[in-house]
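Q: Quick one: structure below, then a few questions.
FYI, it's all coordinate maths here, none of it is from the lab. Note that this is a predicted model, so its numbers are computed, not measured. FYI the Cβ positions are ideal-geometry reconstructions off the backbone, even for glycines, and counts take in every protein chain you see.
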Amino acid sequence: LLLKPDQPGRTIMASSSSSMVALVTAVLCLTASRAQGQLQVGFYSTTCPNAEAIVRGAVTAAFANDSGVAAGLIRLHFHDCFVEGCDASVLLSVNPGGGKTERDAPPNNPSLHGFEVVDAARAALEQSCPRTVSCADILAFAARDSVNLTGGNALYQVPAGRRDGNISTADSAFGLPSPNLTADGLIQSFKDKTLTAEEMVILSGAHTLGRSHCDSFIFRNRERLASGTISPTYQALLESLCPTNTVQFRNVTTMIDLSTPTVLDNNYYKLLHLNLGLHFSDDQLVRNATLKASVDAFAANETLWKEKFVAAMIKMGKIEPKRPVPRGRSASIAASSTCHHHRLLPP
């Protein structure tokens, strides 16, 4: 309704009311825009309904040939999310700005593996629904499938819609949590990624799978031997496996979990109580009273740990994603059928 000019007070009120409506409308639009940009379960249900099944097929085929690939895929997802967010930058083999990429940096090379599984999944997806599924989402799906195949029995739902990044530098990889970090360093490293101390302990449980290179543990463990925080028998075994006077030293690996290295269980936590943690950082979880309480709980209750592990994996998968694309829009443009050369879509 229009107010008469001889009603100045009401004119002011009408103007104020109009401004308020405009402000509320703007806020609602912004909120809706943000909601649409969030990661969503079933993101590809319309544009590529078989996306998750295709990734699962690639992971299952690789796992049948080498069960160790599951640990590699879980670790790939972790290393991706902890550097520049979950954007598949860890997969890039070419840095547009020149220099080495994340995957070539010492924290990742030569320890990361599973790249070929991601590429197999990407190739199959490009055949089914070209330029639709992002490499970052492939990593998240593959990690979930690896958890399920190794005994997690948890085909949990993974929110998707991540956008691939196109920047990957070797220097950025040095921000990954080191196997030589103290308890305080570990807590801070995960806090920087919006993860709690308990979630750090939970995600560390993934060390029940896979192998580690000698240079990640042998030298710091000699200090642990002197302080009595590693089993002397265990350290002697590790020394025999890691002859530092040979050129092959850096290529030698050993199981992180002595008993069940290919099964996702809570044995990792039980080993910590026996001074059988492989890395200095693993052992730190029982040298801090708060962290040890979580270790004790998970060592006593595997079901509890697995439930929390799934929740922590989902939360980790939401670390700093690049601006999510509208539902159904392609998340990356493939220069090939691999994820080694993915490119970011224009805004």
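Q: Rounded, prolate or oblate: pick one for the range 156-311, where a ≥ b ≥ c are the square roots of the eigenvalues of its C-alpha gyration tensor, a/c under 1.5 means rounded, and failing that, prolate if a/b is larger than b/c, else oblate.
A: Note, shape of the range 156-311 comes out oblate.
Q: Taking θ as phi - 60°, what are the ³J(HN,Hα) couplings along the range 269-285 by the Karplus curve (6.51, -1.76, 1.60), each to the nearest whole Hz, with x for Gly and Pro?
A: Here the 3J(HN,Hα) series is 5, 5, 5, 4, 5, 9, 6, 10, x, 6, 9, 4, 5, 4, 5, 4, 5 Hz.
Q: Take the alpha carbon gyration tensor of the range 227-267, find the square roots of its eigenvalues, order them as a ≥ b ≥ c, and report rounded if a/c is under 1.5; if not, report prolate when a/b exceeds b/c, else oblate.
A: Oblate is the answer for the range 227-267, as a/c is 1.5 or above yet b/c matches or exceeds a/b.
Q: Could you order the peptides 303-314, 160-171 from most to least packed, using the average number of other C-beta atoms within 10 Å per residue?
A: For the peptides 303-314, 160-171, the packing ranking is 160-171, 303-314.
Q: Need the full-extension length gain, Glu320 to Asn50, defined as separation in residues times 0.36 nm minus the C-alpha distance. One decimal, nm.
A: 94.6 nm
Q: Also: So who's got an amide H within less than 5 Å of the one on Ala160, skipping anything under 5 residues away but keeping other chains? H placed 1.01 Å off N, in plane.
A: Gln40, Val41, Gly42, Phe43
Q: Using 29 Å as the Cα-Cα cut-off, could you pick out the over-long pairs in Lys100/Lys193; Lys100/Lys270; Lys193/Lys292; Lys100/Lys306; Lys193/Lys308; Lys270/Lys315?
A: Lys100/Lys270; Lys100/Lys306
Q: How charged is the neighbourhood of Lys308? Take every other residue with its Cβ under 10 Å from the Cβ of Lys308, and add Lys/Arg as +1 and Asp/Glu as -1.
A: Summing Lys and Arg as +1 and Asp and Glu as -1 gives -2.
Q: Averaging sequence separations of C-alpha pairs under 8 Å and six or more residues apart, then dividing by the length of the range 98-196, give the relative contact order as a whole percent.
A: Relative CO of the range 98-196 lands at 36 percent.
Q: Kindly write out, for the range 97-107 in residue order, the coupling ³J(HN,Hα) from the Karplus curve 6.51 cos²θ - 1.76 cosθ + 1.60 (θ = phi - 60°), rounded to whole Hz, with x marking Gly and Pro.
A: My calculation for the range 97-107 gives x, x, x, 6, 9, 3, 5, 8, 6, x, x Hz in order.
Q: How large is the direction-averaged shadow of the alpha-carbon convex hull of the range 69-131, in nm²?
A: 4.8 nm²
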